[in-house]
Amino acid sequence: MEQKFKRSFDELRNIVTMTEAVFRQEGLQADLRNVVDLATEELFVNMVKYNTESEEDILIQMVPHEHGIEVSLTDYNVARFDPTSAGAVDVEAPLEERTPGGLGLYLVLKMVDSIHYEYRNRQSKITFVVDRK
């Protein structure tokens with residue numbers, strides 16, 4: 001299933017509705033939903049928040065596979081930002097020594113089973129996979 005969403009935080013409810021529909025239609029394990037919802041939301045919010053040079057909708061694709069689900073978010077007419085190469089977050093440092101930001105992406109990278117980034121012709125695509133454990 002694929003659907004385009006406006007560059008708005010108001011779309012988060014619609015994204016969750018899409019995830020719910022995919023899981024129901026495909027009979028996917030419910031315990032994968034939390035990770036898929038959280039990762040999709042975090043990546044979508046980052047695209048809306050930081051890719052401000054574009055007004056184009058963001059495409060989300062959800063494709064079930066043998067062991068779980070693959071989710072892709074494609075953002076159009078944007079600069080390159082590879083979340084897989086983001087700097088490490090020192091989660092052991094005291095709060096007063098931490099730089100704000102980056103924890104959401106850190107969580108996504110830790111929770112998903114794999115993540116891949118592609119950038120071509122000002123098109124940014126992030127694909128992650130969540131598998132049954």
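The values are calculated or read from the model by the stated rules, or taken from the named source; none is laboratory data. The structure presented is a predicted model; accordingly, all values stated were derived computationally and were not measured. Please note: Cβ atoms are built from the backbone with ideal geometry, for glycine as well, and neighbour counts cover all protein chains shown.
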Number of the condition not met by Glu20 [criteria: (1) under 15 Å from the mean Cα position of the chain (by Cα); (2) surrounded by fewer than 13 Cβ atoms within 10 Å (Cβ to Cβ)]:
(1)
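Yes/no per residue for (1) surrounded by fewer than 19 Cβ atoms within 10 Å (Cβ to Cβ); (2) out of contact with any Phe, Trp or Tyr (no Cβ under 7 Å at 6 or more places or on another chain):
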site: Gln3; (1), (2): yes, yes
site: Val71; (1), (2): no, no
site: Asp75; (1), (2): no, yes
site: Thr84; (1), (2): yes, no
Can you give me the number of residues within region 51-90 that are modelled with pLDDT under 90, within 16 Å of the chain's Cα centre (by Cα) and outside any loop (DSSP other than H, G, I, E, B)?
3
Subset of region 105-133 [polar (S, T, N, Q) and touching a strand residue (DSSP E or B) at 6+ places or on another chain (Cβ under 8 Å)]
Ser114, Gln123, Ser124, Thr127
Quick check on Glu41: is it over 15 Å from Thr127 (Cβ atoms), under 15 Å from the mean Cα position of the chain (by Cα), buried (at least 16 other Cβ atoms within 10 Å of the Cβ) and acidic (Asp, Glu)?
yes
Identify all residues within region 1-48 that are of a type in the set (Gly, Ala, Ser) and at pLDDT below 95; write none if there are none.
Gly27, Ala30
Take the conditions at pLDDT 60 or above, within 23 Å of Asn34 (Cα to Cα) and of a type outside the set (S, T, N, Q) and apply them to Val112. Does it pass?
yes
